[in-house]
1. Scanning segment 129-157 for residues that are of a type in the set (A, V, I, L, M, F, W, C) and modelled with pLDDT under 90, which turns out nearest to the chain's Cα centre (by Cα)?
2. Against the definition (closer than 25 Å to residue 38 by Cβ, assigned to a helix (DSSP H, G or I) and at pLDDT 80 or above), how does residue 198 come out, yes or no?
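The values are calculated or read from the model by the stated rules, or taken from the named source; none is laboratory data. Just so it is clear, the structure is predicted and the values come from calculations on it, not from any experiment. We place every Cβ from the backbone using ideal geometry, glycine too, and count neighbours over all the protein chains shown.
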Amino acid sequence: MTDLALATSPLLSATALGEIRAAFETLEKTSLAARLAALAGTPLEALRNALPNFVQSRLDGAVRAALERAMTTALGTRPETAPFAMNQAWFHRGLAAVTGMAGGAFGLPGTLVELPISTTLLLRQIAAEAAAEGEELTDPGTPAECLKVFALGGRGTQDDAAESGYFAVRVALAETLKGTVGVNLLPGFIGAIAARFGGPVALKLGAQAAPILGAAAGAAVNLAFLQHFRAIAKAHFTLRRLERNHGDAAVRAAYDAIAAGRDARFAG
């Protein structure tokens, strides 16, 4: 069966195809970099170059540490035992704004200190989206799927499309996970996530370092991060739900057909 035939198969309803199309738009066309540049009122290249050399040299280690701490804190306990349920978006939005303000008020040192906190908040919201789409948060594979969102939402405009598309990133990350279960993830997997998440984090630090914005920038940037990665999580876990219901091949074929502009039959 051809890709187009699969994409138009009765296995996929118009509703399912609409969900795949929405996920495609989020995963392939959402630009966090442009949004952060607009928030800071600074060109994208200026944001990339705003960080001192010593911060850039520490960034990879800081991002890795933030991801590891977030995984332990956000996913190391059962959702029902957490002080606040993961699906209380208003609470996490408030915390994200407050921590962002604190980080922005104290400049780059403050931002580096709040990075593990804001990353933990992000991961809790990602886990909430996973649960909403039917993922079992106690499943050994769920932590990895939640962490993948940081890589899926961290692709830059300079990435080659063939190597950075949603399914290409999923396949690459799956290779680093072979033989690994639960929260005992291989360093290679964490490193792969950090490499892609580091780009948005660098832009976040650059935006919060904008001298005329300070604490207000920190709050706005953290909220933008929260909204972006929660949208990426919803798209990712929607596709996983559809794969469970309709099969991997049918969903992948429909996604590829949308990417190639062959889904006009279902437009509207």
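1. So the residue we want is 144.
2. Criteria met by residue 198.
To keep it simple, each residue is scored yes or no on (1) assigned to a loop (DSSP other than H, G, I, E, B); (2) at pLDDT 70 or above.
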residue: 5; (1), (2): no, no
residue: 11; (1), (2): yes, yes
residue: 38; (1), (2): no, yes
residue: 51; (1), (2): yes, yes
